[in-house]
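Values quoted throughout were computed directly from the atomic coordinates according to the rules given, and no laboratory measurement underlies them. Remember, predicted model here, so these are calculated numbers, not experimental data. So basically every Cβ, Gly included, is an ideal-geometry build from the backbone, and we count neighbours across all protein chains shown.
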Amino acid sequence: MKFILSRTAQPRRFSYRPRYFDSEKAALEAKKAAKGLNATLSGEEAIRARMAARWRIHDASNKSPVYKRFISLVFIFVALSTVYLIFFTEFIENMLKAFGIGY
């Protein structure tokens, strides 16, 4: 026989009523708030919009262009080639013999 001392909790129910959302109007209001113009956004929403605009500007300025990556890859290739020539070939010995220096 099973005794139940307390009732188990039932899942909470909720009612969802979708609202009309105009994305173009919201984007326009966010742009106005970011520029500090008179907007219908609340104070907190206006601050968030300005912060988001500043972060976008900051992120855009930190992106590395392709040519900077290319230059860094060329530098790494030259450095590795130099290390290979010095330590794994007889390049230095041949150069010393060519100039009459060495053994």
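Summing Lys, Arg as +1 and Asp, Glu as -1, what charge do residues with Cβ under 10 Å from the Cβ of Ala33 carry, Ala33 excluded? Neighbour charge sum, excluding Ala33 itself: +3. Between Thr89 and Ala52, residue separation times 0.36 nm minus the direct Cα-Cα distance comes to 7.8 nm.
Rounded to the nearest Hz, the phi-derived 3J(HN,Hα) couplings of region 79-87 under the Karplus curve 6.51 cos²θ - 1.76 cosθ + 1.60 (θ = phi - 60°) are 5, 5, 5, 5, 4, 5, 4, 6, 9, where x marks glycine and proline.
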